[in-house]
Amino acid sequence: GQGGDERPPTPHQVPDGVPCATVASASPRKGAPVFTIHNPFDWDLEHSGRPRRNGYIPFTTNTGKVDGYRRVKDRTDASEFGALKHSCWTYWGTSGAPIMDAKTAHVVGMHNSWDERNGQRHAVSQEALAKGIRAVLQSEN
């Protein structure tokens, strides 16, 4: 429904034959090839002059690699920049897009930010995603 009060389907509710992404069982190593499927916003939000179109293709993919991890006590803490650092090209509208292992297509992160000081892209880590999914599934029981 439109009200936003419905929960997403749990794995046992996904109909047979409908492809769905799998969250990786382990975190990727630095240098691992990854990609994202995202929907970059087509209007240039960083141009100081008159608004202009970028020509970005809606629903597109971009490749990159895992650049490492932020030094944090707990990789499940996604309160600021995500713990996973990646080099997939992103733009406004990419937040929430999966970062996927290029060999398995398993989700290893979820893009959430970039550091404007150095251009580093960040994603919520695999650990944080798994923790969140477990919490949702446990709340249904």
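The values are calculated or read from the model by the stated rules, or taken from the named source; none is laboratory data. Just so we're clear, the structure is a prediction, and the values are computed from it rather than from any experiment. All Cβ positions, even for glycine, are placed from backbone atoms using ideal geometry, and neighbour counts span all protein chains on display. Ligands, DNA and RNA are excluded from the accessible area calculation, which covers all protein heavy atoms including side chains. Shrake-Rupley method; radii C 1.70, N 1.55, O 1.52, S 1.80 Å.
What is the residue count in the stretch 87-126 for residues that are open to solvent by 50 Å² or more (accessible area, probe 1.4 Å) and either more than 23 Å from Asp42 (Cβ to Cβ) or aromatic (Phe, Trp, Tyr) (or both)?
9
Report, ordered by the first and then the second residue, all pairs with beta carbons closer than 6 Å, sequence separation of six or more or different chains, a first member in the stretch 113-138 that is basic (Lys, Arg), and a second member that is surrounded by fewer than 17 Cβ atoms within 10 Å (Cβ to Cβ) and not in a helix (DSSP H, G or I).
Every condition considered, the pairs that remain are Lys131/Thr76.
Against the conditions (1) more than 16 Å from Val23 (Cα to Cα); (2) at pLDDT below 95, where does Lys65 fall short? Just the number, please.
The number of the failed condition is (2).
Which condition from (1) without any contact (Cβ under 8 Å) to a residue 60 or more places away in the chain; (2) outside any loop (DSSP other than H, G, I, E, B) is the one that Met100 breaks?
(1)
How many residues does the stretch 22-49 hold that are loosely packed, with under 13 Cβ neighbours inside 10 Å, under 16 Å from the mean Cα position of the chain (by Cα) and closer than 14 Å to Trp92 by Cα?
0
Quick one: what pairs do we get from the stretch 18-39, first residue modelled with pLDDT of 90 or more and part of a strand (DSSP E or B), second charged (D, E, K, R) and open to solvent by 40 Å² or more (accessible area, probe 1.4 Å), C-beta under 6 Å, 6+ apart or different chains?
Pro33/Lys65
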